[in-house]
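Structure first, commentary second.
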Amino acid sequence: MQQLENTLKTALGAAIQNVFGAEVPAAQLVLQPTRKDFAGSFTLVTFPFTKTLGKGPEQIGQAVGEWLVANEPAVKGFNVVKGFLNLEIADAEWLKVFEQLRQLPAGAPVATGGPQNVVVEYSSPNTNKPLHLGHLRNNFLGYSVAEILKATGATVTKANLVNDRGIHICKSMLAYQQYGNGETPQSAGIKGDHLAGKYYVLFEKHYREQVKQLEAEGVAADVAKRKAPLMLEAQDMLLKWEANDEEVVNLWKQMNGWVYEGFDETYKSIGVDFDKYYYESQTYLLGKERVEEGLQKGVFFKKDDGSVWVDLQAEGLDEKLLLRADGTSVYITQDLGTAELKYQDFHYDLSVYVIADEQNYHMQVLKAVLAKLGKPYADAIYHLSYGMVDLPSGKMKSREGTVVDADELVREVVEAAKQATLEKGKIEGLSEQEAAELFHMLGLGALKYYLLKVDPKKRMLFNPEESVSLEGHTGPFIQYSHARISSILRKAAEQGVEPSAPLANSVELHSTEQEMIQELGRYAAVVAEAARAQSPALVAQYAYDVAKAYNRFYTEVPIFIEPDATKKAFRVALSAQTARAIKSSMGLLGIPVPERM
């Protein structure tokens with residue numbers, strides 16, 4: 001495809017030189033896809049050249065178009081609409097493009113000249129609660145960005161930093177200690193991460209009651225929140241944990257073990273994985289060393305109460321706490337340690353943090369602090385800041401238990417996919433296990449696509465009914481399209497039509513076939529742009545465009561009733577290449593596609 005565009009740009013430059021005696025740099029000859037309501041495949045906007053060439057935009061378009069038709073075999077026709085020169089491409093050129101696409105090895109990297117050694121950190125769960133809808137957007141984004149960067153030839157490590165320590169973890173532990181009565185995931189019949197989450201909510205319930213009681217006794221609200229007995233006990237438990245108190249550490253290990261088993265089950269269900277795990281309990285001490293280093297270098301300072309701070313006002317930020325007065329660490333402390341460990345392990349030239357935009361300030365601080373410390377990897381840190389997921393009822397709050405649970409949501413979308421598929425009667429010949437796998441594939445495809453098709457930077461509203469819809473701009477529509485093509489390819493094989501056989505270069509193409517080749521030719525450019533922007537939404541839109549274009553082609557052009565054997569063979573080959581593009585692009589989103597339904 002790039003080769004064809006380069007040919008056209010060279011010819012356009014020659015046309016302008018020959019007709020107007022002027023030189024226009026190739027960089028200024030920007031081609032874009034022609035709008036569907038006009039004939040043509042590529043469009044040059046002529047308005048920018050009126051001053052240089054001394055002619056009106058329509059005159060320029062007409063003169064350049066006439067020269068191209070007379071002198072460039074790739075251009076078979078043109079039309080001018082105001083300041084837009086629409087170029088119609090010869091069938092032989094499209095067939096060349098198609099043959100080049102067919103010859104590319106599966107999984108061939110898309111060269112971008114971008115970073116080559118990348119760590120993508122995502123998921124980053126807390127061990128005091130199960131994964132929820134917000135975590136799903138995070139996991140799907142992180143996994144997809146990693147796969148897109150891999151497709152550019154980069155070496156990518158998927159990392160998960162587990163937030164397994166801190167006051168929030170102690171809240172769940174304390175509540176379990178006081179109200180758990182020895183309950184276990186086995187005795188309760190629930191996953192371990194859900195059990196921990198139950199006690200986190202229980203802590204908040206009793207804590208709020210204590211605060212309310214103190215306020216009723218005349219204590220100021222801010223003081224009541226600090227002095228409530230449960231909060232003081234949780235803070236004391238954190239100090240004991242950092243002092244390696246045996247009883248506290250054993251409880252911590254027990255509850256975290258339950259949570260990890262629950263997380264693993266969820267990760268497997270949603271189809272994400274990791275190459276490397278980091279744990280804050282193992283990074284915060286290194287972070288404390290970096291804080292000490294900053295004090296020795298004079299870039300950090302201590303306040304009278306013994307807390308350690310950094311002054312970032314010169315960087316447009318403010319003063320930031322790095323270590324509490326009692327010596328316990330805060331989030332930024334362990335983040336300093338983790339950034340260094342990742343660099344020691346992988347010497348990355350890009351370290352992507354998939355973290356919601358509510359942490360924009362925190363990430364700016366992390367980069368600024370590392371720069372103050374003179375760390376070589378400070379500039380390599382990139383925050384993939386994504387918008388939060390809202391519910392129609394408002395923002396989710398874990399401590400109040402008002403979240404959409406990830407496990408429950410997956411069960412719901414799988415059930416919705418099952419009902420929709422059964423209604424369409426699309427599981428003939430599938431065993432019970434194959435049908436169950438199909439329902440899971442479609443349900444998860446609906447959910448992933450719904451969350452990934454929106455630009456990561458945009459805040460999004462999660463509409464439960466829309467998310468499980470299997471029609472329209474959805475993952476299952478694309479999955480159905482792949483299954484349809486797979487069925488066509490099986491039928492072609494039965495008839496002895498081989499999609500990989502050499503093609504004649506004289507096939508007359510239908511307009512939908514030209515459009516289909518043009519869509520397939522966009523794959524590399526889309527992946528390159530998605531990698532640069534770190535936006536799976538671009539790949540999601542591309543997969544939908546390909547499926548939609550194929551459905552138009554399938555509706556308007558016969559395949560098996562086509563009497564011309566050459567045309568039939570080409571259409572089967574075009575179908576095979578389309579299936580490959582859909583499978584590849586959906587694979588970059590972490591969405592598998594079915595071979596049959």
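Could you give each residue of segment 117-126 its phi-based ³J(HN,Hα) in whole Hz, using Karplus coefficients 6.51, -1.76, 1.60 with θ = phi - 60°, and x for Gly or Pro?
Ordered by residue, 3J(HN,Hα) equals 10, 10, 10, 10, 9, 8, 6, 6, x, 8 Hz.
Among S575, S187, which comes first, second and so on when ranked by fewest other beta-carbon atoms within 10 Å?
S187, S575
So what is the relative contact order of the chain, in percent, for Cα pairs below 8 Å that sit 6 or more residues apart? Don't skip to the answer; put the middle values down first.
Details: 930 pairs, mean separation 87.0, N = 597.
Relative CO of the chain lands at 15 percent.
Antiparallel versus total DSSP beta bridges in segment 122-400: what percent is that, nearest 5?
45 percent
Taking every Cα atom in the chain, find the radius of gyration and the maximum pairwise distance Dmax, and write them in Å.
29.4, 93
Out of all DSSP beta bridges with both ends in the chain, state the antiparallel percent to the nearest 5.
Numbers: 24 of 46 bridges.
Here the share of antiparallel DSSP bridges comes out near 50 percent.
Bin by bin, in steps of 10 Å, what percent of the Cα pairs in segment 137-205 do you find, going until the bin that has the longest distance?
17, 32, 22, 19, 9, 1
Quick check: the angle from helix 57-71's long axis to the longest principal axis of the chain, C-alpha only, nearest 10 degrees?
60 degrees
Which ³J(HN,Hα) values in Hz, rounded to whole numbers, follow from the phi angles of segment 381-390 under the Karplus curve 6.51 cos²θ - 1.76 cosθ + 1.60, where θ = phi - 60° and Gly and Pro get x?
Calculated HN-Hα couplings, in order: 7, 10, 9, 7, 8, 10, x, 5, 9, 9 Hz.
Could you pull out the trypsin sites (Lys or Arg not before Pro) across segment 425-492 that fall in loop regions by DSSP (anything but H, G, I, E, B) with no more than 15 other Cβ atoms inside 10 Å?
K457, K458, R459
What is the gain in length, in nm to one decimal, between D326 and V30 on full extension, counting 0.36 nm per residue of separation less the C-alpha to C-alpha distance?
100.5 nm
Relative to the longest principal Cα axis of the chain, at what angle does helix 2-20 sit, 0 to 90 degrees, rounded to 10?
It works out to around 60 degrees.
Under 23 Å between C-alpha atoms is the cut-off here; go through segment 406-588 and count lysine pairs that meet it, provided they're at least eight residues apart or on different chains.
Here the count comes out as 26.
Where does segment 2-89 land on Rg/Rh, using Cα atoms and the Kirkwood Rh? Show your work: numbers first, answer last.
Working: Rg = 11.5 Å, Rh = 12.6 Å.
Expressed as Rg/Rh, it is 0.91.
Restricting attention to segment 290-337, which chymotrypsin sites (Phe, Trp or Tyr not before Pro) occupy a DSSP loop and are surrounded by at most 15 other Cβ atoms within 10 Å?
Those that pass, being in a loop and sparsely packed, number zero.
Order of Y449, Y361 from fewest to most other C-beta atoms within 10 Å?
Placing the least packed residue first, the sequence is Y361, Y449.
Order by neighbour count: Y277, Y523, fewest other Cβ atoms within 10 Å first, most last.
Going from least to most buried by this count: Y277, Y523.
What is the set of long-range amide H partners of L509 at a cut-off below 5 Å, with H atoms built 1.01 Å from backbone N?
Residues meeting the criterion, in which the H sits 1.01 Å from N, do not exist here.
Straight distance only, please: which lysines reach the Cα of K198 with their own Cα at less than 26 Å, same-chain residues fewer than 8 apart left out?
Once the sequence-local lysines are set aside, what remains near K198 is K129, K171, K212, K225, K227, K240, K253, K268, K395, K397.
Rounded to whole Hz and in sequence order, give me ³J(HN,Hα) for segment 568-584 from the Karplus expression 6.51 cos²θ - 1.76 cosθ + 1.60, θ = phi - 60°, writing x for Gly and Pro.
Rounded to whole hertz, the list is 4, 4, 5, 5, 5, 5, 5, 5, 5, 5, 5, 4, 5, 5, 5, 4, 5.
Name the long-range amide H neighbours of Y386: under 5 Å, sequence gap of 5 or more, or other chain; modelled H, no Pro or chain starts.
Amide H neighbours of Y386, under 5 Å, 5+ apart: I355, A356, D357.
Enumerate the amide H contacts of L161 below 5 Å, restricted to partners 5 or more residues apart or on another chain; note that Pro and chain-start residues carry no placed amide H.
Hits under the 5 Å cutoff: Y122, S124, Y278.
Report relative contact order for segment 406-588 in percent, whole number only (criteria: Cα-Cα under 8 Å, sequence separation at least 6).
Dividing the mean separation by the residue count of segment 406-588 yields 25 percent.
Bear in mind that the values in this text are calculations on the coordinates, not laboratory data. Fair warning: this is a prediction, and the values are worked out from it, not measured in the lab. Quick reminder, even Gly has a Cβ in these numbers, built from the backbone with ideal geometry, and neighbours come from all protein chains shown.
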